[in-house]
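For reference, the structure discussed in these notes is given below.
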Amino acid sequence: MKKLLVTGSSGLVGSEVCMYFSEKGYEIHGIDNNQRAIFFGPQGDTRWNQQRLASTLQHFHHHENDIRDRKAMMELMQSIQPNVIIHAAAQPSHDKAALIPFDDFDTNAGGTLNILEAARLYAPEAPFIHMSTNKVYGDAPNKISLKELATRWDYDDIAFEKGIAETFTIDQSKHSLFGASKLAADIMVQEYGKYFNMPTVCLRGGCLTGPNHSGVELHGFLSYLVKCNVESKKYFIYGYKGKQVRDNIHSYDIARFMERFVQAPRAGEVYNLGGGKENTCSILEAFTIVEKFSGKQQVFEYVDKNREGDHICYYSDLSKMKAHYTGWGITISLEETIRQITDSWKNR
């Protein structure tokens, strides 16, 4: 039986890939120490997801380890020697990173290096899939010419008609400390692929979402927005008139792409991973969709101050992914994704 090692296995992407690859016959080894609850408090707790995996997956093994513990990562990698490695653990908030810069960098950059080096020593042939972020581009996308529409901002430059491609600059912009630590990890993952010829890939995520997300105000835009609606809690819009745009991809479609990469890995590759232009929405547009499924009006307050380094408009150009892995594409629409998230929060 093939073995999959997943860091951040109780999170949104981590839990989705555990379920997906378990159905493909893999033995699953998940690393998660519920650090999200420490970063974000009780509302960020993911133990419920860990328990769900343990109770539903036949060959699931939970490892209560911290990726910052180099010795533990080495010993675990040596004992498991996985066939596939998916690195989804992170400190995921650019707002929170400014408050805990050492924890942020030690987790995102140092933790990634710990796993990379352990993989090089004990599982060098295993495809290594790293969940990066679109924040590696900093706020440079805000320099693209924009047009203001009734409910959203959009690009006003034909060169970006399909969105942001992987060739976009990562230099001379404000990244947030989170973006900087994730960029350090991103480049290190590329370097292990190119220097050591390991099958590594960085997936620079847009808005990654789905029904198993423990969304909080500082991270998990769509999940948290729906949670506020379902609980009649006030949602705060920070700047840009609520017209800031994100592309949203369901975690199931992320897992599908990962499977394709495992089947035909490349060394040191990079892809922008998101829902693409067809699955974009602004905050205002998201309100309208969730209200349709919940039957409740969104309660919100506008704050005329945007978050530092926040994107006004961002969506991923999926051309490179689709060219390299023909047949892969988005299968779960934005509306269906929001419907699932709404049902999930109602049940929880």
Please give, to one decimal in nm, the separation of the simple spin-label points placed at Glu23 and Glu336, each 7 Å out from Cα toward the Cβ. 1.2
How long, wide and thick is region 284-348, going by the Cα atoms along their three principal axes, in whole angstroms, largest first? 43, 34, 20
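Can you give the FRET efficiency to the nearest 0.05 for Gln172 and Thr151, using r as the Cβ-Cβ distance and R₀ = 35 Å? Could you put the intermediate results ahead of the total?
Values: r = 31 Å, r/R0 = 0.89.
So the FRET efficiency works out to roughly 0.65.
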Over region 124-175, what is the relative contact order in whole percent, taking alpha-carbon pairs under 8 Å and six or more residues apart? 45
The alpha-carbon center of region 27-44 and that of region 131-186 are separated, in whole Å, by 28
One would report the Cα pair-distance distribution of the chain, bin width 10 Å, in %, as 6, 26, 37, 24, 7, 0
Relative contact order of the chain (C-alpha contacts under 8 Å, at least 6 apart) in percent is 19
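How long is the gain from Leu121 to Met74 if the chain were fully straight, where each residue apart is worth 0.36 nm and the alpha carbon distance is subtracted?
On the way: separation 47, 0.36 × 47 = 16.92 nm, distance 0.85 nm.
That pair, Leu121 and Met74, stretches by 16.1 nm at full extension.
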Using only Cα positions of region 2-137, each an equal point scatterer, no hydration layer, compute I(q)/I(0) via Debye at q = 0.16, 0.18 Å⁻¹ and quote the log10 values to two decimals. -0.78, -0.99
Sorting check: for 265-272, 241-248, which peptide has the highest mean count of neighbouring beta carbons within 10 Å, and how do the rest follow? 241-248, 265-272
Springs between alpha-carbon pairs under 10 angstrom, Gaussian network model over the chain: which of Lys71, Lys174, Lys182 fluctuates most? Lys71
Phi-based couplings in Hz for region 19-33 (Karplus 6.51, -1.76, 1.60; Gly and Pro marked x): 5, 5, 6, 5, 5, 8, x, 7, 7, 9, 10, x, 9, 6, 10
Interchain or sequence-distant (5+) residues whose placed amide H lies within less than 5 Å of the amide H of Ser316 are Ile164, Asp247, Gly275, Gly276
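How much net charge surrounds Ser132 when only the other residues with a Cβ under 10 Å from the Cβ of Ser132 are counted, with Lys and Arg +1 and Asp and Glu -1?
Values: positive: Lys135, Lys182, Arg204; negative: Asp186.
Spelling it out: positives minus negatives among the neighbours equals +2.
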Listed pairs Lys96/Lys182; Lys227/Lys346; Lys234/Lys346; Lys243/Lys277; Lys2/Lys320 exceeding 19 Å between Cα atoms: Lys2/Lys320
Highest-first arrangement of 303-309, 337-343, where packing means the average Cβ count within 10 Å: 337-343, 303-309
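Where does each of 286-293, 154-161, 59-66 land if you order them by average Cβ count within 10 Å, highest first?
Working: 286-293: 18.2, 154-161: 13.6, 59-66: 15.9.
Going from most to least packed, we get 286-293, 59-66, 154-161.
All of the numbers you see were taken from the coordinates with simple rules; none came from a lab. None of the values given here were measured: they were computed from a predicted structure. Please note: Cβ atoms are built from the backbone with ideal geometry, for glycine as well, and neighbour counts cover all protein chains shown.
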